[in-house]
Amino acid sequence: MQLLRRPAWARSQVVTPDPVSGAFTVRGFTPGDYYLLIPDTRPGATDDRLLRITLDETTGALAPLAIHMPYAGALTTINGNATKAIDGSGADDVIVRAWGSHGHVIDVVPAPSGDWSAEVPPGTYDITYRSAGCQPVCHGPYTITAPEEQG
């Protein structure tokens, strides 16, 4: 990672994150605007991140940042059937969320039969079925593993 100082875009520091947690610390900067350039060097990755950060002019403080890179590996399929008890038709939508953070992953509109599927990164998820006039139904956690590579 590189920390760039505005307005000249001069490189202020190269940061090496912890290889397991990804955590990093940047210290010793004067207040003002910076950009954190985070190259995504994982196989299959197509997107780097550029994040603007501003150190407070009075205190020089910056709250801790959480930076999430897009998943770059092979996706796997999660699927199910979501029907309404009242008439057997498909639910209006299915919401897949990350189990630990409750962060939104994907919405899916099931087929009229209620069958649905989605491509997701490996991880642990909860799934909510929703339909107008009905209470939402939430299931989980479900742990999805990476697909096995064909050799």
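Please treat every number below as a calculation from the coordinates, not as lab data. All values reported here derive from a predicted model rather than from experimental measurement. Virtual Cβ from ideal backbone geometry, glycine too; neighbours counted across all protein chains shown.
The protection proxy used here, the mean number of other Cβ atoms lying within 10 Å of each residue, ranks peptides 30-41, 118-129 as follows, highest first: 118-129, 30-41.
Could you compute the FRET efficiency for ILE86 and THR41, with r as their C-beta to C-beta distance and R0 at 35 Å, rounded to 0.05? For R0 = 35 Å, the calculated efficiency reads 0.10. Calculated FRET efficiency, ASP48 to VAL137, Cβ-Cβ distance, R0 = 35 Å: about 0.35 to the nearest 0.05. Applied to region 109-118, the Karplus parametrisation 6.51 cos²θ - 1.76 cosθ + 1.60 on θ = phi - 60° returns per-residue 3J(HN,Hα) values of 9, x, 5, x, 6, x, 5, 8, 8, 8 Hz, with x for Gly and Pro. Taking K and R as +1 and D and E as -1, what net charge do the other residues with C-beta under 12 Å from the C-beta of ALA118 add up to? After counting each charged neighbour, the total is -3.
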